[in-house]
Amino acid sequence: MTVYFIGAGPGAADLITLRGLRRLQTAPVCLYAGSLVPRELLDSCPPGTRLVDTANLNLDEIIAELVAAHRAGHDVARLHSGDPSVFSAVAEQMRRLDTLGVPYEVVPGVPAFAAAAAALGRELTVPGVGQTVILTRTSARATPMPEGEDLATLGAGRATMVLHLAVQRIDQVVAELLPSYGADCPAAVVARASRADEIVLRGTLADIADQVHAAGIRRTAVIVVGRVLSATHFSDSHLYSAARDRTPGES
């Protein structure tokens with residue numbers, strides 16, 4: 001059997017990949033985060049699938065479910081919101097499975113920051129404005145940030161910054177980014193990106209915190225900060241330039 005760590009996407013049920021859906025449609029066991037994974041996705045599971053909501057399970061209990069399925073000879077669809085490569089807590093599960101000799105496969109998904117950018121109608125890498133995107137979060141009750149990954153340090157280069165799991169601390173986020181980015185720097189918050197109840201807030205570092213508080217946003221949101229959010233005057237990219245050498249094998 002195989003454990004399939006599947007990126008379920010940012011919220012909309014139809015943003016799972018075809019590969020992820022196919023794995024889900026054939027696995028007799030499905031573990032999912034009930035508060036984050038759309039319920040409609042579970043309708044794609046085969047009849048009789050063992051459904052396990054992991055929202056209230058700890059790591060040991062989750063691994064026990066995976067091992068039990070392995071011993072019974074069952075594949076497992078392990079649904080994670082967004083994409084497993086960032087802020088998914090997949091690493092410690094894979095480490096345990098490596099130790100136990102349980103095979104697994106990772107199926108990528110649409111990450112929340114991509115859905116947020118789509119909701120904003122913006123590209124996060126704009127020629128001459130911003131070509132670097134920092135994906136990060138903040139510390140609170142969660143795992144502490146490593147040394148050198150505080151917002152003041154990361155923001156020194158004024159790259160486009162995307163913060164997950166940080167909207168509850170929006171005031172501190174703004175305070176730490178203001179010295180580098182300035183009060184007039186464009187900022188946005190997208191809550192429940194791609195879902196029917198999606199909320200999109202646009203502003204600057206001067207007012208985005210007030211907007212978040214007024215909207216009552218406390219979780220499941222992405223913060224985006226950077227000049228790319230309002231860029232209109234920029235050079236066309238080299239990719240489609242008429243001056244580009246399109247000789248085969250040349251860039």
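Accessible area per residue of the chain at 1.4 Å probe, in Å²?
Ligands and nucleic acids excluded, the result is 52 Å² per residue.
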### Task
Please check which bits of the range 58-100 a label hung off ASP197 would reach, taking the label as a point 7 Å along Cα-to-C-beta and the cut-off as backbone N under 19 Å.
81-82
### Message
Let me cross-check ASP150: its accessible surface, 1.4 Å probe, with only protein heavy atoms counted, in Å² to the nearest 10?
### Response
70
### Query
Ranked highest first by the average count of other Cβ atoms within 10 Å around their residues, in what order do 47-58, 10-21 fall?
10-21, 47-58
### Average Cα contact separation per residue, the range 127-251, under 8 Å, 6 or more apart, as relative contact order %
29
## Note on the structure
Place a point 7 Å from the Cα of ARG39 in the direction of its beta carbon; the residues of the range 65-81 whose amide N falls under 19 Å from it are 79-81
### Answer label, with Rg/Rh (Cα atoms, Kirkwood Rh) calculated from the coordinates and candidates [x] 1.03; [y] 0.94; [z] 1.40
[x]
#### Entry: Cα shape, the range 107-153, gyration tensor, a/c 1.5 rule
oblate
### Task
For HIS213 and ASP171, calculate 0.36 nm times their separation in residues minus their Cα-Cα distance, and state this gained length in nm to one decimal.
14.2 nm
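Which of the trypsin sites (Lys or Arg not before Pro) found in the range 69-177 are in a DSSP loop and have at most 14 neighbouring Cβ atoms, other than their own, within 10 Å?
Here the sparse-neighbourhood loop sites are ARG141.
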### Task
Kindly list the residues of the range 14-33 that lie in the label zone of ASN58, defined by a backbone N under 17 Å from the point 7 Å along the Cα-to-C-beta vector.
none
## Note on the structure
Counting only protein heavy atoms with a 1.4 Å probe and every protein chain in place, the carbon and sulfur fraction of the accessible surface of the range 89-212 in whole percent equals 53
### Query
So in the chain, what percent of DSSP beta bridges are antiparallel if you round to the nearest 5?
45
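The values are calculated or read from the model by the stated rules, or taken from the named source; none is laboratory data. On a predicted model such as this, the values are computed, not experimentally measured, just so you know. Every residue, glycine among them, receives a Cβ derived from its backbone with ideal geometry; neighbour counts consider all protein chains shown. Keep in mind that these areas ignore ligands, DNA and RNA; they rest on the heavy atoms of the full protein, side chains included. Shrake-Rupley method; radii C 1.70, N 1.55, O 1.52, S 1.80 Å.
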